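Q: Got a structure for you, written out below as structure tokens; questions coming shortly.
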Amino acid sequence: MRLVLLGPPGAGKGTQAIRIAQWLQIPHVSTGDLLREHVERGSRLGVRARAYMDRGEYVPDDVVVRMVMDRLEEPDAQKGFILDGFPRTVPQAQALEDALADAGRPLEAVLKFTIDDDMAIKRLSNRWLCPCCKRTYNMEFMRPQDGSSCDDDGCQLTRRSDDDEITVRRRLDVYRLETEPLELFYWERGLLREVDAQARLDLVTERTKEALSDIAS
Ligand SMILES: [Zn+2]
């Protein structure tokens, strides 16, 4: 299965991505992680990316597409992949489509997790972060066992500073502005599948599996 995931902040996309990856036995490729990895490793693409990042500029699409395509050539991605965090724009989607077509591995579906703003804000403003391992918790949906420290390492959880309501609303607006043309792009290709993410995580996972049931093997 070759998949792209879309969804606003607070839709629980990251959690679902991990679950789908386990279910289908395919890697979850987060472009944010991929980029960090390349930069840390000092790969040729990482060095190129770093030069832009150091100037406070966006890493050009062709560099990111190259990283993604390299990653998808690895053995664990032969059965498929879940792309998360990319593409974000129509030009990126076009570049990805061309590269995947060249590789004979076109996308099979684009999952869009939907959630209304109020729910997203409620989820995000309940979000706490472990400063040690970066694991996120949610006081409503995914509480730490003792209510205040990380289950894995016992570090005291901190609140994400950018999660206050005004900031969250702004992030949601930016997301919608960026993503609507992208959704249209995939809708026109018959790839877009919607999952109502306005539910507890387990139910959303069930809905996700259902949305893919006709193409999951
Ligand atoms: Zn931790």
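Q: Viscosity 1.567 mPa s, temperature 4 °C: Stokes-Einstein D of the range 125-180 from its Kirkwood Cα radius, in µm² per second?
A: After rounding, the answer is 105 µm²/s.
Q: Roughly what percent of Cα-Cα pairs across the range 1-52 reach past 15 Å?
A: More than 15 Å apart: 57 percent of the Cα pairs in the range 1-52.
Q: Oh, and also: Report, by chain and number, residues whose modeled amide H sits under 5 Å from the one on GLU194, excluding near sequence neighbours (fewer than 5 apart, same chain).
A: Here the answer is LYS112, since their amide H atoms fall under 5 Å of that of GLU194.
Q: Between CYS132 and GLU194, with labels modelled 7 Å along Cα→Cβ, what's the label distance in nm to one decimal, could you check?
A: If labels sit at CYS132 and GLU194, their model points lie 4.3 nm apart.
Q: Next up: Where the convex hull is taken over the Cα atoms of the range 1-138, what is its projected area averaged over directions, in nm²?
A: The number I arrive at for the range 1-138 is 9.4 nm².
Q: Follow-up question, since we're still on this one. Please work out the C-alpha center-to-center distance from the range 3-46 to the range 61-104 and express it in whole Å.
A: 12
Q: Where Rh is the Kirkwood radius over the Cα pairs of the range 59-217, the temperature 10 °C and the viscosity 1.306 mPa s, what D in µm²/s does Stokes-Einstein return?
A: Taking Rh from Cα pairs, D becomes 88 µm²/s.
Q: Another question, then. Which order do LYS122, LYS79 fall in if you start with the one that has the fewest other Cβ atoms within 10 Å?
A: By the 10 Å Cβ count, ascending: LYS79, LYS122.
Q: Which ³J(HN,Hα) values in Hz, rounded to whole numbers, follow from the phi angles of the range 164-181 under the Karplus curve 6.51 cos²θ - 1.76 cosθ + 1.60, where θ = phi - 60° and Gly and Pro get x?
A: Karplus-based 3J(HN,Hα) across the range 164-181 equals 6, 4, 4, 5, 4, 4, 5, 4, 5, 4, 4, 4, 5, 4, 6, 8, 4, x Hz.
Readers should treat all values here as calculations from the given coordinates under stated rules, not as data from a laboratory. As the structure is a computational prediction, the values presented were derived from the model and not from experiment. Here Cβ is always computed from backbone atoms with ideal geometry, including for glycine, and neighbour counts include all displayed protein chains.
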